[in-house]
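All remarks here apply to the structure that follows.
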Amino acid sequence: MKLPSSVIYFSRHGETDWNVSERIQGQEDIDINARGKVQADRNGDMIKSLIGDGSGFDFVASPLRRTRETMERIRTRMGLDPHDYRTDARLKEVHFGDWQGFMIEDIAARTPELVDARARDKWNFVPPGAAAESYALLGVRVADWLSEVRQPTVCVTHGGCLRTIFQMVNGLDGHDAANMAITQDHILRLENGQLTWM
């Protein structure tokens, strides 16, 4: 795919209690915790140091609460109206279907064959449930969003979406992309086809 010529600064949402307990979140609407608020504030300070008041930048977030609160805290730290940004559903986290809200060990106790299948091909595995997605399917909608970026952008999204960005931009093998650790307290810059953690 053709990458945007404009710079994009990505932030993952701040930490949630479900992140800490490793409960499968997906598109469940969970708030960030106290540590997540600190992370979001730090990312706001970092973005302000990089782009000042953000003049000329588009600000867009996933519509889930954890990404919206992160964006609002970022904009507050930049001295901007916290609510003056847009959301895009294509930036939502991968949908884990019937697995959302459960611990992986609980799922493994009930359906070990499915957990094994996911471990063998995490990129293409689709959990049970009508709305469930694989990372490969997630990548299709993230690529659709990315193809429409026309101006410098600040984007707050999810770990799964950023894994697909790494797969698209750096050509990572699906297995490596799906298993990447994505930090919540750094900014990821996409510029001239290069991804850099700030």
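The values are calculated or read from the model by the stated rules, or taken from the named source; none is laboratory data. The structure displayed is predicted, hence computed values, not measured ones. For neighbour counting, all protein chains shown are included, and Cβ atoms are generated from backbone atoms with ideal geometry for every residue, glycine included.
Structural remarks
- Number of the condition not met by residue 137 [criteria: (1) among the aliphatic types (A, V, I, L, M); (2) touching a helix residue (DSSP H, G or I) at 6+ places or on another chain (Cβ under 9 Å); (3) surrounded by fewer than 18 Cβ atoms within 10 Å (Cβ to Cβ)]: (2)
- Evaluated against (1) under 17 Å from the mean Cα position of the chain (by Cα); (2) surrounded by 17 or more Cβ atoms within 10 Å (Cβ to Cβ); (3) under 25 Å from residue 132 (Cα atoms), residue 63 falls short on exactly one condition, (2).
- Here residue 172 fulfils each of the conditions (1) assigned to a loop (DSSP other than H, G, I, E, B); (2) in contact (Cβ under 8 Å) with a residue 12 or more places away in the chain apart from (2).
- Test: residue in region 96-119 that is among the basic types (Lys, Arg), surrounded by 13 or more Cβ atoms within 10 Å (Cβ to Cβ) and outside any helix (DSSP H, G or I): no
- Candidates in region 120-132 are the residues that are exposed (fewer than 15 other Cβ atoms within 10 Å of the Cβ) and among the charged types (D, E, K, R); of these, the one that is nearest to residue 164 (Cα to Cα) is 121.
Table: residues versus (1) under 20 Å from residue 197 (Cβ atoms); (2) modelled with pLDDT under 95; (3) among the basic types (Lys, Arg).
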site: 4; (1), (2), (3): yes, yes, no
site: 30; (1), (2), (3): no, no, no
site: 35; (1), (2), (3): yes, no, yes
site: 42; (1), (2), (3): yes, no, yes
site: 58; (1), (2), (3): no, no, no
site: 66; (1), (2), (3): no, no, yes
site: 99; (1), (2), (3): no, no, no
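- The condition of being more than 18 Å from residue 164 (Cβ to Cβ), crowded, with 21+ Cβ neighbours inside 10 Å and at pLDDT 95 or above holds for only one of 87, 76, 70, that being 70.
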